[in-house]
Amino acid sequence: MLFIEYDVHPSGQIELVALINAVEEDGQDPNGAAWLNWRSTEFGDDGLGCVAVPQDDLQLMEETGDTAELRAIVERIILADRVTKEEVPS
């Protein structure tokens, strides 16, 4: 499972930190759940700066040779993740 690690600055700017292949060498944890649990515990942010790449998007990322298209895919994934994780003022 591929994860995107990112930071959101107080100004709202989003910075890509890393792409992480969280599948263990021995084939265990194919969906990256153990890594995501470790990451959430280690950083204490409940996964706010991390998103799993859906399989369809991963395939698009692997097939493209266009860096602008790759950037657009990553941005779309991060922005969709932010929508689901940001608190809505009540």
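The values are calculated or read from the model by the stated rules, or taken from the named source; none is laboratory data. Quick caveat, the model's predicted, so the values are computed rather than measured. Heads up: the accessible areas ignore ligands, DNA and RNA and are worked out on the full protein's heavy atoms, side chains in. Shrake-Rupley method; radii C 1.70, N 1.55, O 1.52, S 1.80 Å.
Scan the chain and note any complete DSSP helix (H) whose C-alpha atoms cover at least 18 Å along its axis and whose Kyte-Doolittle average is -1.0 or more. Those that clear 18 Å and a mean of -1.0 are 67-85. Surface exposure of the chain, expressed per residue as accessible area with a 1.4 Å probe, stands at 70 Å². Ligands, DNA and RNA aside, residue 51 has an accessible area near 20 Å² when probed at 1.4 Å. The mean sequence separation of alpha-carbon pairs under 8 Å and at least six residues apart, normalised by the residue count of the chain, gives a relative contact order of 27 percent. Semi-axes of the equivalent ellipsoid for the chain, computed as √(5λ) from the eigenvalues of its C-alpha gyration tensor and ordered from largest down, come to 21, 20, 11 Å.
At the residue level, residue 20 shows approximately 40 square angstrom of accessible surface with a 1.4 angstrom probe and all protein chains present.
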